[in-house]
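**Q** Mind looking over this structure? Questions follow.
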Amino acid sequence: MAVAVLNPTNLLKPRAERVIAALDVGTSKVAALIAMADGENPPRVIGCGVRASNGLKRGLVADMGRTETAIRAAMMQAEKAAGLEIESVLVNLSAGGLDSDVTAVEIDIAGHRIAEDDVTALLATGRQRIDAQITRSGRSTLHAEPTLYTIDGLEGVINPRGFHANRLGVDIHVITAATPPCRNLDLAVRNAHLGVEAIVASGVATSASVLNAEERELGVAVVEIGAGVTTVALHCGGMLAGLAAIGMGAADITADIAANFATRRAAAERLKTLHGAATASPRDNHDMIEVPPLDPDDGQDLRRVTKAELIAVIRSRLDKLFGEVAVALNEMGFSGTAGRQVVLTGGGAELRGIADFAQGALARNVRIGRPRGLIGLPEAQSTAAFATLAGLVLHGSQPRLDLARTPLKAFGKGGRQPSDSGSTFARLFQMLRKQI
Ligand SMILES: Nc1ncnc2c1ncn2[C@@H]1O[C@H](COP(=O)(O)OP(=O)(O)OP(=O)(O)O)[C@@H](O)[C@H]1O
Ligand SMILES: [Mg+2]
């Protein structure tokens, strides 16, 4: 029976200019961005809004009321600048048990020439398999993108159409998250009178704004240091190959400074951004910094500490953080010649000297990644803290085939008996590494 309703090549065609609205709901700030995109040229920013966030803990919604208030205020500011009202947004999730895996499916072709119908049937089978996995695990699918095809055991085929084969397979890259954090985020956004077009894993969004195509091909890890969460996204062979989240971020540095020097968090934040650094010089032993007392009314004088003391507190936290990043990278198999490059981003990447520190701690090349690829991004939003926000827009502007977002009816009645080809994420990653 023919099942020619879904045509992936049609889905990949660029559309006319449309509005894309993105919302980065972070632990320290909520930021909104509105852009116009035609799928070919860089999206044009037409509105931006930022509000302090105090409703999240370690990247998860912990106070619904505060979160929706911040979302509403940030989006209203962006809408006012853009002169239009937004109905739905792309929003990011940085914590919540994100997991990245590969589902492999295969169908019988019976030796004939592979046609569009066969690819549709294969993708329908993949969609059924993913749906069944999700039903069993109770998790939510954020992305399900077909990657490379397999023809009679020959792996790594980009386009199988036109080949003769007995069996046709595909590796589908699936990103899932625990369901409650997705529902809570969805609820907070909907309570702010906005629809949720899609929840995008932060690592996916951020990578879209800080990486170039060559880095993705060669193998690169994006380490995003947010306020409450640090995410690691591994790319290889042009695609996302792994995701990890560490419950530690730049706000922990601020907390350490406040505790060590008995000062308020706001003062500690100022000390960190104004005088803080990740690398020290001999001069820092002589440079004195004033530390405001915990209680300004108790008559105590300002205390003074050396810059070197401040840097020692910062480095001690960074040792712990990069220790965990190194473990995550090794667990994902990011080693050898394919895993030399690290891109640091997120607000924490703006700390002075952090690239040098990370280079020493991880024994890899490190550069700072700031958002690029958008036209008209205001200077204030061009720092590493806004890489996710810009990335959400870029992710949304690129037409892509995502089975998680393809309506079931688009597959017709397709779907044949799947056979388990035994493919795993590790196999895909190894294969990609062999190719580069
Ligand atoms: N110049 C700077 N020096 C040091 N730290 C900085 C600097 N600029 C921003 N930060 C830190 O970056 C953090 C905010 O980063 P970001 O905006 O990426 O976090 P978020 O998205 O709100 O949080 P999360 O992603 O963890 O939910 C804050 O802890 C802030 O202190
Ligand atoms: Mg963030």
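**Q** Being in a strand (DSSP E or B) and touching a Gly at 6+ places or on another chain (Cβ under 7 Å) is the filter here; which residues of the stretch 94-135 pass it?
**A** S100, T103, A104, V105, E106, R113
**Q** What residue, among those in the stretch 346-363 that are under 21 Å from the mean Cα position of the chain (by Cα) and away from ligand 1 (no atom under 12 Å from the Cβ), is nearest to V210 (Cα to Cα)?
**A** A355
**Q** On the basis of being within 16 Å of ligand 1 (Cβ to nearest atom), part of a helix (DSSP H, G or I), buried (at least 23 other Cβ atoms within 10 Å of the Cβ) and not aliphatic (A, V, I, L, M), does T206 make the cut?
**A** yes
**Q** How many of the residues making up the stretch 215-226 are over 16 Å from A244 (Cα atoms) and near ligand 1 (Cβ under 7 Å from one of its atoms)?
**A** Matching residues across the stretch 215-226 total 0.
**Q** Which condition from (1) β-branched (V, I, T); (2) within 16 Å of ligand 1 (Cβ to nearest atom); (3) touching a Gly at 6+ places or on another chain (Cβ under 6 Å) is the one that V91 breaks?
**A** Here V91 clears every test but (3).
**Q** Which residues, counting only those in the stretch 138-158, are in contact with a helix residue (DSSP H, G or I) (Cβ under 9 Å, 6 or more places away or on another chain), under 23 Å from L240 (Cβ atoms) and of a type outside the set (A, V, I, L, M, F, W, C)?
**A** R139, S140, T141, H143, E145, P146, T147, Y149, E155, G156
**Q** For G323, only one of the following conditions fails: (1) over 22 Å from the mean Cα position of the chain (by Cα); (2) in a helix (DSSP H, G or I); (3) surrounded by fewer than 16 Cβ atoms within 10 Å (Cβ to Cβ). What is its number?
**A** Condition (1) is where G323 drops out.
**Q** While we're here: Any idea which of F357, F386, F334 is in contact (Cβ under 8 Å) with a residue 24 or more places away in the chain, among the aromatic types (F, W, Y), more than 16 Å from ligand 2 (Cβ to nearest atom) and in a helix (DSSP H, G or I)?
**A** Result: F357 is the single residue among F357, F386, F334 that is in contact (Cβ under 8 Å) with a residue 24 or more places away in the chain, among the aromatic types (F, W, Y), more than 16 Å from ligand 2 (Cβ to nearest atom) and in a helix (DSSP H, G or I).
**Q** Can you name every residue in the stretch 166-177 that is of a type outside the set (V, I, T) and either assigned to a strand (DSSP E or B) or at pLDDT below 95 (or both)?
**A** Answer for the stretch 166-177, where residues must be of a type outside the set (V, I, T) and either assigned to a strand (DSSP E or B) or at pLDDT below 95 (or both): R167, L168, G169, D171, H173, A177.
**Q** Then there is this: Say whether the condition of being within 32 Å of the chain's Cα centre (by Cα), within 27 Å of I225 (Cβ to Cβ) and assigned to a loop (DSSP other than H, G, I, E, B) is met by at least one residue in the stretch 255-273.
**A** Yes.
**Q** Another question about this same structure. If we scan the stretch 72-95, do we find a residue that is out of contact with any Lys or Arg (no Cβ under 7 Å at 6 or more places or on another chain), within 15 Å of ligand 2 (Cβ to nearest atom) and not aliphatic (A, V, I, L, M)?
**A** So far as the stretch 72-95 goes, yes, one or more of its residues are out of contact with any Lys or Arg (no Cβ under 7 Å at 6 or more places or on another chain), within 15 Å of ligand 2 (Cβ to nearest atom) and not aliphatic (A, V, I, L, M).
**Q** Kindly check whether there is at least one residue in the stretch 53-69 that is among the β-branched types (V, I, T) and within 17 Å of F386 (Cβ to Cβ).
**A** no
**Q** Report the residue count in the stretch 359-389 for those that are of a type in the set (D, E, K, R) and over 29 Å from G323 (Cβ atoms).
**A** Summing the residues that are of a type in the set (D, E, K, R) and over 29 Å from G323 (Cβ atoms) in the stretch 359-389 gives 2.
**Q** Turning to a different aspect of this structure: Going through E197, E214 one at a time, which residue ends up being part of a helix (DSSP H, G or I) and more than 16 Å from ligand 2 (Cβ to nearest atom)?
**A** E214
**Q** Please determine whether any residue of the stretch 249-271 is farther than 24 Å from L318 by Cβ, away from ligand 2 (no atom under 15 Å from the Cβ) and hydrophobic (A, V, I, L, M, F, W, C).
**A** no
**Q** Suppose we filter R190, R216 for residues that are more than 29 Å from K57 (Cα to Cα) and either assigned by TED's automatic domain parsing to the domain that holds L33 or among the hydroxyl-bearing types (S, T, Y) (or both); which single one remains?
**A** It is R216.
The values are calculated or read from the model by the stated rules, or taken from the named source; none is laboratory data. Only a predicted model underlies this, so the values are computations on that prediction, with no experimental measurement involved. Note: ideal-geometry Cβ built from the backbone for every residue, glycine included; neighbour counts use all protein chains shown.
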